[in-house]
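Q: This is the structure I have questions about; it appears just below.
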Amino acid sequence: MNYIWLGLMVISLVVGAINGRLEEVTNAAVTYAASAVDIALGLIGIMTFWLGIMKIAENGGIIKILSRAIRPIAKWLFPDIPPDHPAIGAMLMNIIANWLGLGNAATPLGLKAMDELQSLNPEKDTATNSMITFLALNTASICLIPMTVIAVRAKLGSANPFEIISTTVVASTCATIAGVTAAKLLQRLPSMKKSNPHRLPESSKKEEK
Amino acid sequence: MTDTLTATAIVDTLKQVAQTVATVPTETTFVTIMKGFSNYAIPFLLLVIPVLGYIKKVKVYESFIDGAKEGFNTAVRIIPYLVAILVAIGMFRASGAMDYFVAILSPLTNLIGMPAETLPVALMRPLSGSGALGIVTELMKEHGPDSLIGRIASTMWGSSETTFYVVAVYFGAVGIKKTRHAIPSGLIGDTVGLIMAVVLCLIVFGVN
């Protein structure tokens, strides 16, 4: 992340200078900073609401039931997480919300899942393997009906705005498989093993939560 | 020779898969069913979770408030992460650096038969969802939504995610700074999705 961030900044400023667009670049910094805050603040309402609902689901044991239902897959994808842990249920709900294209609900559910994953993390500022696998599942999310783009197609007079569903579903399935495989392979790199919060044996892990 | 043979075999299999998927009555039944799911999923959850909770003797109102308390903090905690990444992306877009990347990468993408016009979509997609949608819309206005370019661009948009935004928001919410291999994994997923979008569209919709 350090390199990517630094790279984006340096490239923007250097290329901006070459193109004589430095003013636009600095203006963009200001506008985007403001819009980032807008986005975050815009999440407050929906976030509060879903975290409330999720708490009921958690206290009622619904999330645990979900966790148990996908135990075999979860054990393989997330070996770090105890099988009945609510993190699994929360992740499942997030992924289903993504499939259904329920963007508004998906983010709070995903953040709830991250929160559960974080409770298992012995090193609070470092991502665990499970978190990264979850994000890989998430960033390549399969959306069964990409409504946004279908709406644009319809507006522009497409004869069949829905025809891209099949290609989208297959392509995003491939993307998901590739993302998860990449996460699983990259975590074996020596440098990633060294930074793995779970590299130490069990000891410190249990006392959290 | 064997290589070309396996390649054709793979293409054939893909073709079959894609065509089977395409011939399933996508436009009617599937869409109706999925729309039904999407429309009823949230009301269903909002009914089932509290009622089940009540049956299980959960104090539903107290639980809701208890969980909801975290909402504000979570959203606010995301701010620094989101500002960092969105500012960098905004500056990058404004600088015009994208054009250089397009110039560097287009010889490569030409190899898989990707129309050069769709490359900016691919490059923008992991950085900014709305930015990429803007390009997709422009392309469809220019070439028509039912052109090959329009279809590839639409498929690309739907088959990958704004990786940088998701990483910033999800890790930001729990305060994780060391993201390890999260970005590379996400980008590999995106790249495969984008390439598959081109390949599948070429197979299903053909060159027209």
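Derivation of every value follows stated rules applied to the coordinates shown; laboratory data play no part. Keep in mind that what you see is a predicted model, and the values were worked out from it rather than measured. Heads up, the Cβs are rebuilt from the backbone with ideal geometry, glycines too, and the neighbour counts pull from every protein chain shown.
Q: Could you pull out the pairs from B:K57/B:K177; B:K35/B:K141; B:K69/B:K177; B:K35/B:K57; A:K112/B:K59; A:K112/B:K57 whose alpha carbons sit more than 31 Å apart here?
A: On the way: B:K57/B:K177 39 Å; B:K35/B:K141 27 Å; B:K69/B:K177 24 Å; B:K35/B:K57 34 Å; A:K112/B:K59 20 Å; A:K112/B:K57 23 Å.
Checking Cα-Cα distances, B:K57/B:K177; B:K35/B:K57 exceed 31 Å.
Q: Mind checking the full-extension length gain between B:D66 and B:S106? Use 0.36 nm per residue of separation minus the Cα-Cα distance, one decimal, nm.
A: Once the chain is fully extended between B:D66 and B:S106, it gains 9.1 nm.
Q: Here is a further query. Can you tell me which lysines have their Cα less than 19 Å from the Cα of A:K75? Leave out same-chain residues fewer than eight positions away.
A: Here the lysines satisfying the reach criterion relative to A:K75 are A:K64, A:K184, A:K205, A:K206.
Q: Now for a different question. Rounded to a whole number of µm²/s, how large is the Stokes-Einstein D of the protein assembly as shown at 4 °C and 1.567 mPa s, given Rh as the Kirkwood radius over C-alpha pairs?
A: Taking Rh from Cα pairs, D becomes 58 µm²/s.
Q: Throw me the Rg/Rh for the stretch B:49-138, computed over C-alpha atoms with Kirkwood Rh, two decimals. Write out the running numbers ahead of the final one.
A: Numbers: Rg = 22.2 Å, Rh = 17.0 Å.
Answer for the stretch B:49-138: 1.31.
Q: Moving to a separate point now. Calculate the spin-label point distance for A:V10 paired with A:R188, positioning each point 7 Å from the Cα along the beta-carbon direction, and give it in nanometres.
A: So the two model labels end up 3.2 nm from each other.
Q: Taking only the alpha-carbon positions of chain B and ignoring solvent, what does the Debye formula give for the base-10 log of I(q)/I(0) at q = 0.16, 0.17 Å⁻¹?
A: The calculated log intensity ratios at q = 0.16, 0.17 Å⁻¹ are -1.19, -1.24.
Q: Hey, rough spin-label estimate for A:T31 and B:T32, points 7 angstrom out along Cα→Cβ, what's it come to in nanometres?
A: Rounded to a tenth, the inter-label distance reads 4.5 nm.
Q: Separate question: What is the order of B:V11, A:V37, fewest Cβ neighbours within 10 Å to most?
A: B:V11, A:V37
Q: Could I ask something else about it? What's the center-to-center distance, using Cα atoms, between the stretch B:178-208 and the stretch A:101-153 in Å?
A: Their Cα centres are 18 Å away from one another.
Q: Now for a different question. Over all directions, average the projected area of the Cα convex hull of the stretch A:1-44 and note it in nm².
A: 3.5
Q: Here's a follow-up. Fewest first, what order do B:D12, A:D84 take by the number of other Cβ atoms within 10 Å? Working shown, then result.
A: Details: B:D12 11, A:D84 15.
By the 10 Å Cβ count, ascending, the order reads B:D12, A:D84.
Q: Using the per-residue mean of other Cβ atoms lying within 10 Å as a proxy for protection, in what order, highest first, do the peptides B:186-194, B:127-135 fall?
A: B:186-194, B:127-135
Q: Right, something else. Mind listing which trypsin sites (Lys or Arg not before Pro) in the stretch B:32-133 are in a DSSP loop and have 10 or fewer other Cβ atoms within 10 Å? Mind dumping the intermediate values first?
A: Values: sites: B:K35, B:K56, B:K57, B:K59, B:K69, B:R77, B:R93; in loops: B:K56, B:K57, B:K59.
Sites meeting the loop and neighbour criteria: B:K57.
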